[in-house]
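First comes the structure, then the notes that go with it.
Rule-based calculations on the coordinates, nothing more; no lab input. No experiment lies behind these values; they were computed from the predicted model shown. So basically every Cβ, Gly included, is an ideal-geometry build from the backbone, and we count neighbours across all protein chains shown.
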Amino acid sequence: MNADAFLAELAYALQRDDSLTLDDRLKDLEEWDSLAAMGVTALLDRKFGKRLSFDDIARMQTVRDIAQAAGLDLWAFRTAP
């Protein structure tokens with residue numbers, strides 16, 4: 001899955017109209033609440049086969065943390081200079 005597809009899937013799970021970046025802080029997202037955390041948990045399980053506890057999700061600070069939990073290659077997310 002490429003960066004755009006991942007960020008779009010995550011935005012959908014969060015029911016967010018605006019785009020996301022890896023550096024977005026979860027606490028700054030209006031949509032980030034316990035229901036959003038459950039949606040992210042379901043997304044990671046369904047799309048990536050990653051089973052995380054609520055505590056795992058609660059420790060996440062940024063969208064990048066979610067991408068890492070999904071097991072995505074963050075080097076592939078780099079933008080060209």
Residues of the stretch 1-23 being without any contact (Cβ under 8 Å) to a residue 40 or more places away in the chain and either surrounded by 19 or more Cβ atoms within 10 Å (Cβ to Cβ) or not in a loop (DSSP other than H, G, I, E, B) (or both), in sequence order, are D4, A5, A8, E9, A11, Y12, A13, L14
By residue number, the members of the stretch 24-54 that are part of a helix (DSSP H, G or I) and acidic (D, E) are D28, D45
